Amino acid sequence: PFGLLLLIKGSLLVLIVGITSMTALLFWMRDMKKLAVTICVIPVLSTIIFSVVAKQSIAGLFYYIKSMLDVTSGYTEAMSVNGRTAEVVLYIITALITLYCCYNARNKSKDVRLFLTIAVALYLFIAFKAGFARHDSHALTSAAAIFTAGFLLYTVLQHKRLIIAFLLSAFTWLFISYNYVGQLVFDIFKPVPVVYTESLEGLMTRLAEGDKLNEKYTNKLAEIRQMQPSIPLLPGTVDLYSYEQTYLLATENKWSPRPVIQSYAVYTAKLAEMNEKHLLSPAAPNNIIFRLQSIDNRIPALDDGLSWPTIINNYIPGNIDVGFLYLTQKRAKNITPKKIEVYKKECALNEEVLMPADTSNMLFAQFDISQTVMGGLVTALYQPEPMDIIITLKDGSIRKHRMIPGMSKSGFIFSPFIENVDEFKMLFSDLPGLQQKAVKSFKISNEGLGFRKRFRSWKPVYTFRLSRIEYTN
């Protein structure tokens, strides 16, 4: 099943490769070399087979895995959210006791005990990152995983203290789940048979009544169109920023998606460059439907920030309808505007940085903020130390937002400070109307949380660059 799991959730690649490698090594050490090779080959073959069954391109598997690695590399830094420390501590304690039981299992050779301990540790670590890197309702994943491990270990282990691990895993699952779903946690086992009946129904529908799938799909699209006034049919191709592509897919418009289809997921400079290149390619959309939809109190302009100057340079703004700004391509081939660096400074964290005196121009900012070795280790194991930016505008008002270093490296329009779609539309023609939104100064702070206060996660000095943008008529 590993080949299918990889297609369902690409981030399971680490777990799949780890378990497969350890299994193959165990067989090899026991002189079962043919089986060791087979165990490595089968997941690859099954991935290909399941891709063919799903009517996907086999050649696309390489790009799927490559793109998935690009996306997951910046996930923790960009998407981390802090939650209740008690949940994390309880999970770790339960995991350690579970692993202790694995390593001290009776009637098992040392290599098998070591294999089981490392395999379960890898599983619990992946579940830990899935639930606590973004510590909100994602924690339900960690809760379910720790309970599953405690329950299933009874099938392979005999250990007098295993009952303690199981009861503790059940309590951990209950404690975490109750914090998010309340008393509904007690109903969790009621719908279990439905999981199997729905799967069986879906299989039979696919095999015997293929037309019904299209009918269900059509009905679902109609249902989506009723949720919000539908997007009109536009000439040529269309893309939608920043997310909510469902509304676009429910229409008969021809979608020309950028590589990272949701702007809040453009976590790194590489991903930002991929999306901008799409705008400069022959596949660039003829129409863009635009809305500011930042999450986690980020600076709104960070999401796909590198693409904003290219959009402004190549599209004409139209009406704003239900919060969406409609943009139309104004030339046959999009071209990138020039960026001329006008300011560069080495700044210190927690230092108030004054902007250049001339704030009448649109200014594109880049922040090169790097982690320390310890900061990178903590990010890999848990989540990074949070960072904020406090911005003072020309009118004296102050904004405080979460700063995402990985997203700010590629750059974004920093001044004037855009906070809604009406202000974004003014960037095309009415900069004087945004004079009071010019940035006067800013400060980047990292106050630390919990144990992360004890050491330095970010290098104390960063590079700040400003560029003036020259647009082409």
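Between Val181 and Met68, the simple label model (points 7 Å from Cα in the Cβ direction) yields a spacing of 2.5 nm.
Relative to the longest principal axis of the chain, what angle (0 to 90°, nearest 10) does the C-alpha long axis of helix 192-208 take? Approximately 70 degrees, to the nearest 10. Taking the 1.4 Å solvent-accessible surface of the chain as the whole, the part contributed by carbon and sulfur is 62%. Let's test the formula: R0 of 41 Å, r as the Cβ-Cβ distance of Tyr100 and Val353. What FRET efficiency results, to the nearest 0.05? It comes to 0.25. Considering only Leu184, Val373, Val156, the residue lying farthest towards the positive end of the dipole of the chain is Val156, judged by Cα position with unit charges set on Cβ.
Run the numbers on the chain and let me know its relative contact order in percent, using alpha-carbon pairs under 8 Å that are six or more apart. Relative contact order, the chain: 14 percent. In the context of the full set of protein chains, residues of segment 1-89 present 62 Å² of accessible surface per residue (probe radius 1.4 Å, heavy atoms only).
Charges were assigned to the Cβ only: +1 to each Lys and Arg, -1 to each Asp and Glu. The resulting dipole of segment 58-190 about its Cα centre is roughly 560 debye. If you plug the beta carbon distance of Glu215 and Ala144 into 1/(1 + (r/R0)^6) with R0 = 30 Å, you get a FRET efficiency near 0.35. Computed from the C-alpha gyration tensor, the three semi-axes of the ellipsoid equivalent to segment 331-473 are 30, 17, 14 Å, from longest to shortest. Computed about the Cα centre, the dipole magnitude for segment 126-273 is approximately 560 debye when only Lys and Arg (+1) and Asp and Glu (-1) carry charge, each at its Cβ.
Using 22 Å as the Cα-Cα cut-off, could you pick out the over-long pairs in Lys270/Lys394; Lys277/Lys437; Lys9/Lys55; Lys129/Lys160? Mind showing how you got there, number by number?
Details: Lys270/Lys394 33 Å; Lys277/Lys437 29 Å; Lys9/Lys55 17 Å; Lys129/Lys160 30 Å.
Pairs exceeding 22 Å: Lys270/Lys394; Lys277/Lys437; Lys129/Lys160.
How far, in degrees from 0 to 90, does helix 162-181 lean away from the longest principal axis of the Cα atoms of the chain, to the nearest 10? Between helix and principal axis, roughly 30 degrees.
Model label sites at Leu249 and Lys55, defined 7 Å from Cα along the beta-carbon direction, differ in position by 1.5 nm.
To the nearest ten degrees, helix 13-29 and the longest principal axis of the Cα atoms of the chain are 30 degrees apart. If you take every DSSP beta bridge fully contained in the chain, what fraction is antiparallel? Give it as a percent rounded to 5. Approximately 85 percent, going by the DSSP bridge assignments. Among Val461, Val353, the sequence by solvent-accessible area, most first, with a 1.4 Å probe is Val461, Val353. Our note on the geometry: Cα centres of segment 1-74 and segment 292-341, 38 Å apart. If a spin label sat at a point 7 angstrom from the Cα of Ile340 along the line to its beta carbon, the backbone N atoms of segment 453-473 nearer than 18 Å would be those of 465-473.
Expressed as a whole percent, the proportion of Cα-Cα pairs in segment 79-189 lying more than 21 Å apart is 35%.
Report the FRET efficiency, 1/(1 + (r/R0)^6), for Arg161 and Leu122, where r is their Cβ-Cβ distance and R0 is 25 Å, rounded to 0.05. Display every interim value, and only then the final one.
On the way: r = 22 Å, r/R0 = 0.88.
It comes to 0.70.
For segment 207-325, give the magnitude of the charge dipole about the Cα centre (Cβ charges: +1 Lys/Arg, -1 Asp/Glu; no others), in debye to the nearest 20. With Lys and Arg at +1 and Asp and Glu at -1, about 100 debye. In plain terms, the bigger the Kirkwood radius, the slower the diffusion; for segment 237-395, with that radius from Cα pairs, at 25 °C and 0.890 mPa s, Stokes-Einstein puts D at 136 µm²/s. The gain in end-to-end length when the Arg225 to Gln293 segment is fully stretched comes to 22.5 nm, 0.36 nm per residue minus the alpha carbon separation.
In terms of overall dimensions, the C-alpha atoms belonging to segment 271-324 reach 34, 28, 15 Å along their principal axes, ordered largest to smallest.
Think of the chain as a dipole: +1 on every Lys or Arg Cβ, -1 on every Asp or Glu Cβ, centred on the Cα centre; then among Pro232, Ile299, Thr218, Ile299 lies furthest on the positive end.
The values are calculated or read from the model by the stated rules, or taken from the named source; none is laboratory data. Note that the coordinates shown come from a computational prediction; the quantities given were computed from them, not determined experimentally. In this analysis, Cβ positions are derived from the backbone assuming ideal geometry, glycine residues included, and neighbour counts consider all displayed protein chains. Accessible surface areas use protein heavy atoms only, side chains included; no ligands, DNA or RNA. Shrake-Rupley method; radii C 1.70, N 1.55, O 1.52, S 1.80 Å.
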